[in-house]
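*Asks:* Handing you a structure now.
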Amino acid sequence: MSSVAGRVLLPAGWVEGRLEFEEDRIARFVPDRAPARYVVPGFIDLHVHGGAGGDCMTGEEAARTTARFHASHGTTRMLLATVTAPEEELTRALDGIHTVMQDPGEGEARVMGAHLEGPFISPDKLGAQPPYARDPDPQEVRRLMAHASIQVVTLAPERPGALDLIRFLRAHGVRPQVGHTLASASEAKAALDAGAKGFTHLYNAMSPLHHRDPGAVGAAFAYATWAEIIADGLHVDPLAVRAALRAVPNLYLVTDAVAAAGMSEGAYRLGRYTVHKREDGVFLEDGTLAGSALTMDRALQNLVDWGLDLAEAVRRVSTLPARYMGWADLGELREGAQADLVVLDGDLRVEEVHVGGRRVFARA
């Protein structure tokens with residue numbers, strides 16, 4: 001029997017006491033006096049390219065480096081993301097993701113599968129994606145599925161065959177998302193009608209909202225139930241984040257972190273590109289944002305700094321991404337759920353991280 005104590009965020013709200021867990025499951029909560037710290041569900045990041053110098057496109061070692069780094073910042077479950085690339089490079093990346101998923105190592109967040117960001121995106125809305133966009137192809141997806149569990153696919157719905165691919169993905173249990181797109185509002189709505197589940201890094205790399213041309217962002221505001229967003233203060237202004245919180249009921253946070261996360265300023269890899277970390281951002285040579293250096297604990301702190309209640313901020317980094325993926329035993333601290341939890345001090349700094357009842361990080 002293991003336990004942690006503090007102000008515990010139960011489904012009904014904050015209660016002071018001790019959370020006990022046996023093996024990988026939460027056994028019970030015991031009310032009691034406790035240290036002045038917070039115990040919250042583990043953070044779930046559905047869009048991560050790298051961290052601590054590792055770029056997941058390069059294979060298993062980088063995927064493990066990424067999983068260890070983000071675990072130290074409170075992430076307990078994650079989807080590792082690819083970038084647009086030739087098929088053989090995607091295959092290599094997926095093979096590494098599959099290995100880490102099947103054989104998790106010490107100190108790692110659990111990898112739950114892959115987020116295929118591209119290659120079926122708009123060549124005119126690449127953002128920092130390498131220039132290998134191509135038309136949607138279910139046969140290529142079939143081949144890639146043989147290498148790893150693909151859970152999410154980002155695509156541009158205006159591309160030829162995109163709606164058919166959305167229906168194919170849904171039939172195979174994959175969540176299609178609208179992203180890296182020049183879609184009109186009607187094209188984005190057609191994707192939702194065909195089965196697309198959400199929007200990838202809302203606002204970024206998509207047709208913007210204009211009051212006479214609402215674009216993909218307008219369709220998200222009008223029709224979406226789910227969307228991911230990068231809350232680093234660089235990709236999206238905090239005011240625009242607040243607007244999205246009001247418009248999209250189940251807006252959840254992702255980092256879109258790349259190899260530069262956790263590293264000093266300098267040059268790093270993102271697929272075939274070299275990107276540059278400067279202060280808190282990551283950029284291409286031309287100044288285009290190229291993923292982020294964000295971690296989920298920093299994203300949580302940002303939401304609180306921008307005016308959200310801590311419990312609501314935790315819901316956006318833990319509960320909602322779990323619900324989006326259909327992971328019923330994650331994202332909440334309740335009896336029988338997975339013992340994935342994060343202990344935060346009074347300043348919301350990570351003190352401990354537990355994955356499936358095992359402590360994977362403790363602050364010295």
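*Asks:* Taking the criterion of being in contact with a Phe, Trp or Tyr (Cβ under 8 Å, 6 or more places away or on another chain), charged (D, E, K, R), at pLDDT 95 or above and on the phi < 0 side of the Ramachandran plot, would at least one residue in region 249-267 satisfy it?
*Replies:* no
*Asks:* Kindly provide the set of residues from region 312-360 that are part of a helix (DSSP H, G or I) and in contact with a strand residue (DSSP E or B) (Cβ under 6 Å, 6 or more places away or on another chain), ordered by number.
*Replies:* So in region 312-360, the residues part of a helix (DSSP H, G or I) come out as 312-325.
The answer is 314, 316, 317, 318, 320, 321, 322, 324.
*Asks:* Can you name the residue in region 124-136 that is crowded, with 19+ Cβ neighbours inside 10 Å and among the aliphatic types (A, V, I, L, M) and, of all such residues, is nearest to residue 235 (Cα to Cα)?
*Replies:* If we take residues in region 124-136 being crowded, with 19+ Cβ neighbours inside 10 Å and among the aliphatic types (A, V, I, L, M), then 128 is nearest to residue 235 (Cα to Cα).
*Asks:* Moving to a separate point now. Could you look through region 200-231, keep only residues that are assigned to a helix (DSSP H, G or I) and aromatic (Phe, Trp, Tyr), and pick out the one that is nearest to residue 186 (Cα to Cα)?
*Replies:* Per the stated criteria, the residue is 223.
*Asks:* Any residue in region 224-246 that is basic (Lys, Arg) and buried (at least 19 other Cβ atoms within 10 Å of the Cβ)? Step through it out loud before you land on a result.
*Replies:* Here is the first cut: in region 224-246, the ones basic (Lys, Arg) are 242, 246.
Filter again for buried (at least 19 other Cβ atoms within 10 Å of the Cβ), leaving none.
Within region 224-246 (the criterion being basic (Lys, Arg) and buried (at least 19 other Cβ atoms within 10 Å of the Cβ)), the answer is no, since none of the residues qualifies.
*Asks:* What do you reckon, is residue 67 over 20 Å from the mean Cα position of the chain (by Cα) and over 28 Å from residue 287 (Cβ atoms)? Outline the logic, then answer.
*Replies:* Working: over 20 Å from the mean Cα position of the chain (by Cα): no; over 28 Å from residue 287 (Cβ atoms): yes.
Against the criterion (over 20 Å from the mean Cα position of the chain (by Cα) and over 28 Å from residue 287 (Cβ atoms)), residue 67 does not qualify.
*Asks:* List every residue pair whose Cβ atoms sit under 8 Å apart, with the two residues 6 or more apart in sequence or on different chains, where the first one lies in region 190-203 and is closer than 17 Å to residue 228 by Cα and the second, anywhere, is surrounded by fewer than 24 Cβ atoms within 10 Å (Cβ to Cβ) and among the aromatic types (Phe, Trp, Tyr).
*Replies:* 192/223; 197/226; 197/324; 198/226; 198/324; 199/226
*Asks:* Then there's this: Could you pull out every one of the strands (runs of 3 or more DSSP E) wholly within region 98-181 that has 2 or more residues that are among the charged types (D, E, K, R)?
*Replies:* 110-117
*Asks:* Is at least one residue of region 137-154 at positive phi, among the small types (Gly, Ala, Ser), surrounded by fewer than 24 Cβ atoms within 10 Å (Cβ to Cβ) and in contact (Cβ under 8 Å) with a residue 12 or more places away in the chain?
*Replies:* No, there is no match, as no residue in region 137-154 is at positive phi, among the small types (Gly, Ala, Ser), surrounded by fewer than 24 Cβ atoms within 10 Å (Cβ to Cβ) and in contact (Cβ under 8 Å) with a residue 12 or more places away in the chain.
*Asks:* Out of curiosity, is residue 288 surrounded by fewer than 21 Cβ atoms within 10 Å (Cβ to Cβ) and out of contact with any helix residue (DSSP H, G or I) (no Cβ under 6 Å at 6 or more places or on another chain)?
*Replies:* It is true that residue 288 is surrounded by fewer than 21 Cβ atoms within 10 Å (Cβ to Cβ) and out of contact with any helix residue (DSSP H, G or I) (no Cβ under 6 Å at 6 or more places or on another chain).
Rundown of residues vs (1) in contact (Cβ under 8 Å) with a residue 12 or more places away in the chain; (2) under 23 Å from residue 67 (Cβ atoms); (3) of a type in the set (Lys, Arg), yes/no style:
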| position | (1), (2), (3) |
| --- | --- |
| 225 | yes, no, no |
| 231 | yes, yes, no |
| 238 | yes, no, no |
| 252 | yes, yes, no |
| 266 | no, yes, no |
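*Asks:* Select from region 89-107 the residues that are farther than 14 Å from residue 68 by Cβ and β-branched (Val, Ile, Thr) and write down the one among them that is surrounded by the most Cβ atoms within 10 Å (Cβ to Cβ).
*Replies:* 97
*Asks:* State all residues of region 19-54 that are in a loop (DSSP other than H, G, I, E, B) and not aliphatic (A, V, I, L, M); if no residue qualifies, say none.
*Replies:* 23, 24, 32, 33, 35, 37, 42, 49, 53
*Asks:* Six or more apart or on different chains, Cβ atoms under 6 Å: show the pairs whose first residue is in region 273-292 and touching a residue at least 60 places away in the same chain (Cβ under 8 Å) and whose second is of a type in the set (Asp, Glu) and surrounded by 12 or more Cβ atoms within 10 Å (Cβ to Cβ).
*Replies:* Pairs that qualify, where the first residue is touching a residue at least 60 places away in the same chain (Cβ under 8 Å) and the partner is of a type in the set (Asp, Glu) and surrounded by 12 or more Cβ atoms within 10 Å (Cβ to Cβ), are 291/256; 292/232; 292/256.
*Asks:* Any idea which of (1) modelled with pLDDT under 95; (2) closer than 13 Å to residue 108 by Cβ is the one residue 52 doesn't satisfy?
*Replies:* (1)
The values are calculated or read from the model by the stated rules, or taken from the named source; none is laboratory data. Everything quoted here is computed from the prediction, not taken from an experiment. Counting neighbours? That spans all protein chains shown, and the Cβs are built from the backbone with ideal geometry, glycine included.
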